[in-house]
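*Asks:* Below is the structure I would like to discuss, written out as structure tokens.
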Amino acid sequence: MGRSLFHKLLASYLIIILVTLSVVGLMFSELFTNYYFKAKEQELITKGQEVSRILAGYINEGIPFPAIDLALMALDRSLNARAFVIDNSGQIVATTAGRFAPRGMFLDADEASQVLQGKVVSWRGFNPRFNQVMVSAAVPIQVDNQTIGALILNTSVVDITPAIAVVRRFIIYAAVATVILAMVIGYYLSKSISHPLRRISQATKAMSQGNFAQRIEVTSQDEVGQLARNFNELAQALDDTISALKLEKDKVENVLKNMAEGVLAVDHQGRIIMANAQAARTLGFKDQEFKGRLLAELTSFSEIDELFADVLREKQALTAEFKLPNHRFILAHVSLLQENGETFGAVAVLQDITGLRRLEELRRDFVANVSHELRTPLTSIQAFVEALLDGLVEDPATQSKYLKVIHDETLRLKRLIHDLLDLSLIESGKAKWQVMPVNLKEITVRVLEKLMPQIEEKALEIKTEITEELPPALGNIDRIEQVLINLVHNAIQFTPKGGRIEISGSACRDEIRVSVADTGEGIPEEDLPYIWDRFHKVDKSRARGSGGTGLGLAIVKHIVEAHGGRVEVESEPGKGSTFTFYLPQVK
């Protein structure tokens, strides 16, 4: 992992400051040293020019060079420099050192040439004669505008060195103080830049994990502050966009989840992209983690997979109807999924049309049953009428018998038509009933009185457990009586002679519960779901013989449900049946 921006900025600041201070310190030190040496050289030149004029006067007056030694020795202390006089051949002829002065050439040829030409020469460096660094100046001595020699002044820089050292120490101290101050300033400056950037980095990482509520505190008006403001605006825009997308996604998911139809989408390889719960239940997905898996692996119903393959191959929408292994009917409409003209999969809407097929079947059965129920009595009536018209029956007793059969079949047709009209009216919701408190005890007594001849004919035992204390139910008296008549009449029909019928009632929460139980043959389990359907007969031959239309229980169910109640049935073959209905209780 690389160094942080904070350390890089701080190190950069310190390196720049150290380099700058080093360069400035060296330049300043060198400048001060040069200035000091230049000032010393200028001082020597000025003094040398003054002394050279004096010496020129001595020489012009004829004073010999040895005598000049004494003069130079006298000037040595005031000059604060060692002085040498050379002739025009470059030989030392006089010095402040007197007779102990070194002799011979003092200047090199080039310097001697310049001085003897009347030029002032100065230099500094290590002087082997004195074994130390010296500042020197050579001034020509002229008599009558003729250069006859030169005055050379040498002064030691020993007294300059401490001053330069002091200056350099001052520079070092100033540099150290500057570096410390720069470190403090650089630290806070680096932190002011790196801290917002670090905060932005942390915020972007949190945003990458789905937390778009991140905001950066703006603490400056510079570019970093502007960056923080831009980040906050971006985060707000992203938060709003993601929230809107999530809201739309939730809406779509809720729509798909609550759709009655199944929705299934696959990619071009047949792998599942999306499937709602209805599609999973319809196709029998056992594993909830079906996304990304092949459709053929998850369902044993291969026809739907083949339909997807046909759509992807032919590049057009297709519709097909299937019958599932669980006897359900599915209508599948499959369309292509396309983006920018490219097909990347297909989506299917799976509509469960089992109810429609069941309704069509019921409609066919209804037509067949009505036709059958109408044909049987009409055939009988036609046959007996034709026999009477043809004069085939002359016996009055036989004629009376035929006429009774015709009358019974006519009554049967009337009951059938009455029940059909009654059921149609109830189902249409157009029936207007006057609703009031109903005393079930009184209704039960009236029903038993009306059906007493049939009860006595089969010697049935009737037991009622509806007391006067039973709270009244809310309903229409005539319709509730019709319900009880149908249920008790069915119990009488299917209970053998000497059997027992029990009518009971009780209050259950906000409802009144009424049951009619018999000791008949019972109803097979496979017929129980369909006994409330029109024309459904458990024993068709017996029902027809007893004059039943197969509409009684359907009428019971619709009347009770129209009152806001419900119906139930319990039965066991050989042990009888119990029909129960619930009505709202008067509050």
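The values are calculated or read from the model by the stated rules, or taken from the named source; none is laboratory data. Worth saying up front: this structure is predicted, and the values here are computed from it rather than measured. Methodologically, a virtual Cβ is constructed for each residue, glycine included, from the backbone with ideal geometry; neighbour enumeration extends over all protein chains shown. Surface accessibility is based on the protein's heavy atoms, side chains included, excluding ligands, DNA and RNA. Shrake-Rupley method; radii C 1.70, N 1.55, O 1.52, S 1.80 Å.
*Asks:* Tell me, yes or no, whether the stretch 130-140 has at least one residue that is open to solvent by 90 Å² or more (accessible area, probe 1.4 Å) and modelled with pLDDT under 75. Please lay out each step first, then the result.
*Replies:* Here is the first cut: in the stretch 130-140, the residues open to solvent by 90 Å² or more (accessible area, probe 1.4 Å) are 131.
Going one step further and asking which of them are modelled with pLDDT under 75, we end up with 131.
Within the stretch 130-140, one or more residues are open to solvent by 90 Å² or more (accessible area, probe 1.4 Å) and modelled with pLDDT under 75.
*Asks:* Something else about it: Consider GLY210 against the criteria (1) without any contact (Cβ under 8 Å) to a residue 40 or more places away in the chain; (2) of a type outside the set (Val, Ile, Thr); (3) open to solvent by 60 Å² or more (accessible area, probe 1.4 Å); (4) not in a helix (DSSP H, G or I): it satisfies all of them except one. Which criterion is unmet?
*Replies:* (3)
*Asks:* Okay, moving on. So which residues in the stretch 457-478 are among the small types (Gly, Ala, Ser), closer than 18 Å to ARG566 by Cα and more than 60 Å from the chain's Cα centre (by Cα)?
*Replies:* Applying the first criterion (among the small types (Gly, Ala, Ser)) to the stretch 457-478 yields 459, 473, 475.
So of that shortlist, the ones also closer than 18 Å to ARG566 by Cα come out as 473, 475.
Within the stretch 457-478, no residue meets the criteria.
*Asks:* Could you check, for the stretch 191-203, whether at least one of its residues is under 25 Å from LEU18 (Cβ atoms) and small (Gly, Ala, Ser)?
*Replies:* yes
*Asks:* Hey, another quick one. For the structure I just gave you, tell me whether ALA83 is surrounded by 14 or more Cβ atoms within 10 Å (Cβ to Cβ) and at pLDDT below 75.
*Replies:* Numbers: surrounded by 14 or more Cβ atoms within 10 Å (Cβ to Cβ): yes; at pLDDT below 75: no.
Criteria not met by ALA83.
*Asks:* Across the stretch 540-566, which residue is modelled with the lowest pLDDT among those that are surrounded by 16 or more Cβ atoms within 10 Å (Cβ to Cβ) and either within 25 Å of GLU461 (Cβ to Cβ) or hydroxyl-bearing (Ser, Thr, Tyr) (or both)? Walk me through it before giving the result.
*Replies:* To start, the set of residues in the stretch 540-566 that are surrounded by 16 or more Cβ atoms within 10 Å (Cβ to Cβ) comprises 543-544, 548-560, 562-563, 565.
Next, only the ones that are either within 25 Å of GLU461 (Cβ to Cβ) or hydroxyl-bearing (Ser, Thr, Tyr) (or both) stay: 543, 548-549, 552-553, 556.
Details: ALA543: 44, GLY548: 55, THR549: 59, GLY552: 77, LEU553: 84, VAL556: 86.
Taking the candidates together, the pick is ALA543.
*Asks:* For SER243, work out the one condition from (1) among the polar types (S, T, N, Q); (2) exposed (fewer than 12 other Cβ atoms within 10 Å of the Cβ); (3) not in a helix (DSSP H, G or I) it doesn't fulfil.
*Replies:* (3)
*Asks:* Given the criteria assigned to a strand (DSSP E or B) and free of Cβ contacts under 8 Å to residues at least 60 places away in the same chain, does ILE503 qualify?
*Replies:* Details: assigned to a strand (DSSP E or B): yes; free of Cβ contacts under 8 Å to residues at least 60 places away in the same chain: yes.
When the stated conditions are applied, ILE503 passes them.
*Asks:* Where in the stretch 309-406 are there strands (runs of 3 or more DSSP E), lying fully within it, with 1 or more residues that are open to solvent by 50 Å² or more (accessible area, probe 1.4 Å) and in contact with a helix residue (DSSP H, G or I) (Cβ under 6 Å, 6 or more places away or on another chain)? Working first, answer last.
*Replies:* Working: elements: 318-323, 329-339, 342-352.
Once the strands (runs of 3 or more DSSP E) in the stretch 309-406 are filtered for at least 1 residues that are open to solvent by 50 Å² or more (accessible area, probe 1.4 Å) and in contact with a helix residue (DSSP H, G or I) (Cβ under 6 Å, 6 or more places away or on another chain), what remains is 329-339.
*Asks:* Select, from ALA459, ALA507, the only residue that is under 17 Å from VAL438 (Cα atoms) and loosely packed, with under 14 Cβ neighbours inside 10 Å. Spell out how you get there, then give the answer.
*Replies:* Values: ALA459 fails: under 17 Å from VAL438 (Cα atoms).
The unique qualifying residue is ALA507.
*Asks:* For THR155, are the conditions met, namely being surrounded by 13 or more Cβ atoms within 10 Å (Cβ to Cβ), part of a helix (DSSP H, G or I) and not acidic (Asp, Glu)? Step through it out loud before you land on a result.
*Replies:* Values: surrounded by 13 or more Cβ atoms within 10 Å (Cβ to Cβ): yes; part of a helix (DSSP H, G or I): no; not acidic (Asp, Glu): yes.
No: the conditions fail for THR155.
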